[in-house]
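Colleague: Quick one: structure below, then a few questions.
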Amino acid sequence: MPAKAAGHRARLREKLLNGGPEALADYEVLEYLLFGALARGDTKPLAKRLLERFGSLSAVLNAEAAALKQVKGVSEATVGQLKIAALVARRMARSEVQDKPVLGSWQALLDYLAIDMAHLTVERVRVLYLNARNRLLLDHLVGDGTIDEAAIHVREVIRRGLDIGASALILVHNHPSGSPEPSRADIQITRQIAEAGRPLGLTVHDHVIVGREGHVSLRAKGLI
């Protein structure tokens, strides 16, 4: 490796280790990640091309492999390096909500959902089933598609909860448009599930909508 490139990598490593969690700019984070894929040379130009193409560090890490490969200089090894970083982020976020009372770890749950769903280009619906201590029993993927009665069958949501002995549930879905503001259908289906579950002892704690622009809680907005 040329001495100049080796020196730059050493300085970046020192900055990472001694400068604290915010020491590196986004392009420097990408540079460092790419060290593992590009054994020699300067990774800064590729890091900056990736950010220019996708717009943010999160978007780079969550981009499809085919889209990444359209950027000059991206190899299979590069894609693998980016994908493992994204996987580590999701696993770390998920570990913060497992085996803990969900309502007492609400911000950790929101962080996990944002990392896992905000980047999706299709609408995905999930139901988080909780036990009597508000610990996660099941993170159930209902499916992909518009959130309406065709995507969420009220009877099936309630039946699954009763089958596993859940006491409560949280509905979750994303808006690929970016804005997390609820639609009329979002509100309607939430109220239908809440009404169906109430006499059976299955409470709808919330419906969280995730988008690139943030999240919305229907309970916080007074809609359930």
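Colleague: Would you mind telling me the antiparallel percentage of the DSSP bridges in the range 71-224, rounded to 5?
Modeller: Among the beta bridges of the range 71-224, antiparallel pairing accounts for roughly 70 percent.
Colleague: Test of understanding: what is the full-extension gain from Arg13 to Arg219, defined as 0.36 nm times their sequence separation minus their Cα-Cα distance?
Modeller: The Arg13-Arg219 span can extend by a further 69.7 nm.
Colleague: Could you name the lysines whose alpha carbon sits less than 19 Å from that of Lys72, not counting residues in the same chain fewer than 8 places away?
Modeller: Within the straight-line limit of under 19 Å, Lys72 reaches these lysines: Lys44, Lys48, Lys83.
Colleague: How much net charge surrounds Glu31 when only other residues with a Cβ under 12 Å from its Cβ are counted (Lys, Arg +1; Asp, Glu -1)?
Modeller: Here the charged neighbours net out to +4.
Colleague: Which of the three applies to the range 103-176, rounded, prolate or oblate, going by the alpha-carbon gyration tensor with a ≥ b ≥ c and a/c under 1.5 meaning rounded?
Modeller: oblate
Colleague: Report, to the nearest 10°, how far helix 44-54 tilts away from the longest principal axis of the Cα atoms in the chain, using its own Cα long axis and a range of 0 to 90°.
Modeller: 30
Colleague: Can I ask one more? Choose one answer from Leu82, Leu17, Leu50: the residue with the largest mean-square fluctuation in a GNM of the chain with alpha-carbon springs under 10 Å.
Modeller: Comparing Leu82, Leu17, Leu50 in the GNM, the peak value goes to Leu17.
Colleague: Moving to a separate point now. Go ahead and set up a Gaussian network model of the chain, Cα springs under 10 Å, then flag whichever of Ile170, Ile84, Ile193 fluctuates most.
Modeller: Of Ile170, Ile84, Ile193, the most mobile in the Gaussian network model is Ile84.
Colleague: Still on this model: Please work out the Cα center distance from the range 158-224 to the range 24-54, rounded to the nearest Å.
Modeller: Using only Cα atoms to place each centre, the spacing works out to 39 Å.
Colleague: Suppose only helical runs count, i.e. DSSP H with n ≥ 4. What mean residue ellipticity at 222 nm does that imply for the chain under -39500 (n - 2.57) per run, divided by all residues and rounded to the nearest 500 deg cm²/dmol?
Modeller: Theoretical 222 nm ellipticity from helices: -14000 deg cm²/dmol.
Colleague: In a solvent-free Debye calculation with one equal scatterer on each Cα, what is log10 I(q)/I(0) for the chain at q = 0.08, 0.09, 0.15 Å⁻¹, listed in the order of the q values?
Modeller: Those come out to -0.38, -0.47, -0.97, one per q.
Colleague: Tell me, what are the semi-axes, in whole angstrom and largest first, of the equivalent ellipsoid of the range 149-224 as set by the roots of 5 times the Cα gyration tensor eigenvalues?
Modeller: Calculated on Cα positions only, the semi-axes equal 23, 12, 11 Å.
Read-outs: derived from the displayed coordinates by stated rules, not from any lab. Note that this is a predicted model, so its numbers are computed, not measured. When we count neighbours, we look across all protein chains shown, and the Cβ atoms used for this are built from the backbone with ideal geometry, even at glycine.
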